[in-house]
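> I'd like to ask some things about the structure below.
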Amino acid sequence: MHDMKGRLLTYLCLFFLITSCDSYIPYPALAEEDALIRLQCTVEEADSAVVYVSKEYMITHDHRPSGSGREPLNSSLEFRVNGDELGFRNVRRGSVDSYTVAHSFKAGDVIEVFCSVPGLPDVSAKTTVPEIPQDLVRDFGYVVEDNVLKGRIAVDFDSYSNLHLSAFLDISTLTRIYVDGVYDRSTSDGWDRRLHLTGRGEWGIDYQLPKDYVGTDEEGRLIEETTDVEIGFSLEILSDELYFAQLHQQSSPMSPSSYTNVKGGLGCVGAINRVVIDTFKSDAQ
């Protein structure tokens, strides 16, 4: 009986100890070994890429040493494409360094990044800009019905099931505004819209095209707005590294450091390739 009372008293003491204070066991003083370099870079078929370098501690922010996270990194970087070292423009802002590399990246380019920060382990990462097979698209078509753009994009899924694919509408609009029949001004906008899968390797297109507007303003003036739209039907392929990094962040957003392809560090260096299959213009109807 006394043993049971003793165990019960011990459990109650532990319970109140745990629930009465936020961190009843003090964290040890941090050393540089408790932090790692984080690299973030997404390379596309474009004219430049940016590498972001930062330091990440391996325990929560509340227990970092005083002033940590604000001191300069003094990092150094080496960026290679197909074995050739490229130059870059470096911007240091507080505890984050960014390196802008001017280069016309293309499919098949092998990207290698090497980085060092005083007091931290050196890191490196590698990725390849994905290739898009010429025979990837198996079926594509669209029609306009009642001002709605409808269609379908299908790829050869059986042959290319290993690719990390998404389909998009790349949309740009130009709106011309007339007041009492006289041209007043124009506005433009651009964005992309991810299409939803409708089957294995198939995406459906269902987009309401913008309609022209006619009305009056508070002063009784006639307002007319005509909008032209241009839509690119595109496919996007992610490199393995970027796909797994995004997949993990979607399933476990509170621990984005769990996946990394940065050897000796954290983060992700990955690549994207996007190809436009066809283009639709509303003024071509």
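The values are calculated or read from the model by the stated rules, or taken from the named source; none is laboratory data. Because the structure is predicted, anything quoted here is derived from the model rather than measured. Neighbour counts are summed over all protein chains in view; Cβ atoms, including those assigned to glycine, are modelled from backbone coordinates with ideal geometry.
> Got at least one residue in the stretch 180-189 being in contact with a strand residue (DSSP E or B) (Cβ under 8 Å, 6 or more places away or on another chain), at pLDDT below 95, over 23 Å from residue 271 (Cβ atoms) and of a type in the set (Ser, Thr, Tyr)?
no
> Looking at 110, 43, 101, 51, which one is of a type in the set (Val, Ile, Thr), modelled with pLDDT of 90 or more and surrounded by fewer than 14 Cβ atoms within 10 Å (Cβ to Cβ)?
Unique residue meeting the criteria: 110.
> Then there is this: How about the stretch 118-143: which of its residues are of a type in the set (Val, Ile, Thr) and surrounded by fewer than 17 Cβ atoms within 10 Å (Cβ to Cβ)?
Correct list: 143 only.
> Please work out which one of (1) within 26 Å of residue 129 (Cβ to Cβ); (2) touching a residue at least 40 places away in the same chain (Cβ under 8 Å) is the condition residue 159 fails and give its number.
Residue 159 satisfies every listed condition except (2).
> Sort through 146, 192, 184 and tell me the only one that's surrounded by fewer than 17 Cβ atoms within 10 Å (Cβ to Cβ) and on the phi > 0 side of the Ramachandran plot. Before the answer, list the steps.
Numbers: 192 fails: on the phi > 0 side of the Ramachandran plot; 184 fails: on the phi > 0 side of the Ramachandran plot.
That would be 146, the only listed residue that is surrounded by fewer than 17 Cβ atoms within 10 Å (Cβ to Cβ) and on the phi > 0 side of the Ramachandran plot.
> Look through the stretch 230-271, keep the residues that are out of contact with any strand residue (DSSP E or B) (no Cβ under 6 Å at 6 or more places or on another chain) and at pLDDT 90 or above, and return whichever of them is surrounded by the most Cβ atoms within 10 Å (Cβ to Cβ).
Going residue by residue through the stretch 230-271, those that are out of contact with any strand residue (DSSP E or B) (no Cβ under 6 Å at 6 or more places or on another chain) are 240, 244, 246-256, 258-259, 268.
Filter once more, so that each one left must be at pLDDT 90 or above: 240, 244, 268.
Values: 240: 16, 244: 17, 268: 25.
Checking each candidate, the answer is 268.
> Answer yes if at least one residue in the stretch 214-222 is exposed (fewer than 15 other Cβ atoms within 10 Å of the Cβ), touching a Gly at 6+ places or on another chain (Cβ under 9 Å) and either without any contact (Cβ under 8 Å) to a residue 60 or more places away in the chain or in a strand (DSSP E or B) (or both), and no otherwise. It would help to see each step written out before you state the result.
The first filter runs over the stretch 214-222 and keeps only residues exposed (fewer than 15 other Cβ atoms within 10 Å of the Cβ), leaving 214-222.
Then drop every residue that is not touching a Gly at 6+ places or on another chain (Cβ under 9 Å), which leaves 222.
Next cut, either without any contact (Cβ under 8 Å) to a residue 60 or more places away in the chain or in a strand (DSSP E or B) (or both) only: 222.
Checking the stretch 214-222: at least one residue is exposed (fewer than 15 other Cβ atoms within 10 Å of the Cβ), touching a Gly at 6+ places or on another chain (Cβ under 9 Å) and either without any contact (Cβ under 8 Å) to a residue 60 or more places away in the chain or in a strand (DSSP E or B) (or both).
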